[in-house]
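Quick notes on the structure that follows.
The values are calculated or read from the model by the stated rules, or taken from the named source; none is laboratory data. Bear in mind the structure is a predicted one, so any value in this text is a computation, not a measurement. All Cβ positions, glycine included, derive from the backbone under ideal geometry; neighbour counts span all protein chains shown. Please note that ligands, DNA and RNA were not included when accessible areas were found on the heavy atoms of the full protein model with its side chains. Shrake-Rupley method; radii C 1.70, N 1.55, O 1.52, S 1.80 Å.
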Amino acid sequence: MTASKHIQTILNGTIQSLKSVIPLPMDIKSPSLMVQPFEQEEMGVLIGMIGDIKGRIIIDSTSECLSSIGATMFGMPLEGEMLESFTGELGNMVAGNLCTVVARDGVEVDITPPTVIVGRTKLFGFQHAFKLPVELANIGNLTIILTIDE
């Protein structure tokens, strides 16, 4: 399988994973290429990928949006350390589900433990990156970044 086919499989798998993990109506926009650096404004989670494709998945949003997702999933708004823990777990659920989805298409990937990033940050050091904007109805926006290392 070519690298571009792997990337397409990962992008499609990410969309499927988001839809199965987050129980909210969502509008997933078209992916686009992006350049370094990626600038995070408030809160996100980074999960490394190894295997047939190497890179990272970054889920970026606001604490308000992530808290609302947590409230939908668990029945109560989250804040502070609980919100940070939930953000890491949300990344774990999305990336873990992604591994299962893409394995059906013959792409083997494994993930690293999540790294929660809080505060304004710039991320450098990736070869290629794709940005996948997601609007969650009445909640806010997520930005999914898929970085690819060669």
Anchor LYS5: lysines whose Cα lies under 22 Å away (excluding residues fewer than 8 positions away in-chain): LYS19, LYS29, LYS54, LYS131
Most mobile listed residue (ILE50, ILE58, ILE69) in the chain, GNM with C-alpha springs under 10 Å: ILE50
Accessible area per residue, Å², region 1-82 with all protein chains present, probe 1.4 Å: 51 Å²
Correct option for semi-axes √(5λ) of the Cα gyration tensor in Å [calculated from the coordinates] among (i) 24, 17, 14; (ii) 34, 21, 15; (iii) 30, 16, 13: (i)
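What does the net charge come to around ILE47 if you take all other residues with beta carbon closer than 13 Å to its beta carbon, with K and R at +1 and D and E at -1?
On the way: positive: LYS54, ARG56; negative: ASP60, GLU89, ASP110.
So the surrounding residues net to -1.
If you place +1 on the Cβ of every Lys and Arg, -1 on the Cβ of every Asp and Glu, and leave all else neutral, what size is the dipole of the chain about its Cα centre, to the nearest 20 Debye?
Values: 9 positive and 17 negative charges, 81 e Å.
Dipole of the chain, to the nearest 20 debye: 380 debye.
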Percent carbon-and-sulfur accessible area, region 11-150, ignoring ligands, DNA and RNA, probe 1.4 Å: 51 percent
Listed peptides 93-99, 14-20, 119-125, 134-140 by packing density, highest first (mean Cβ within 10 Å): 93-99, 14-20, 134-140, 119-125
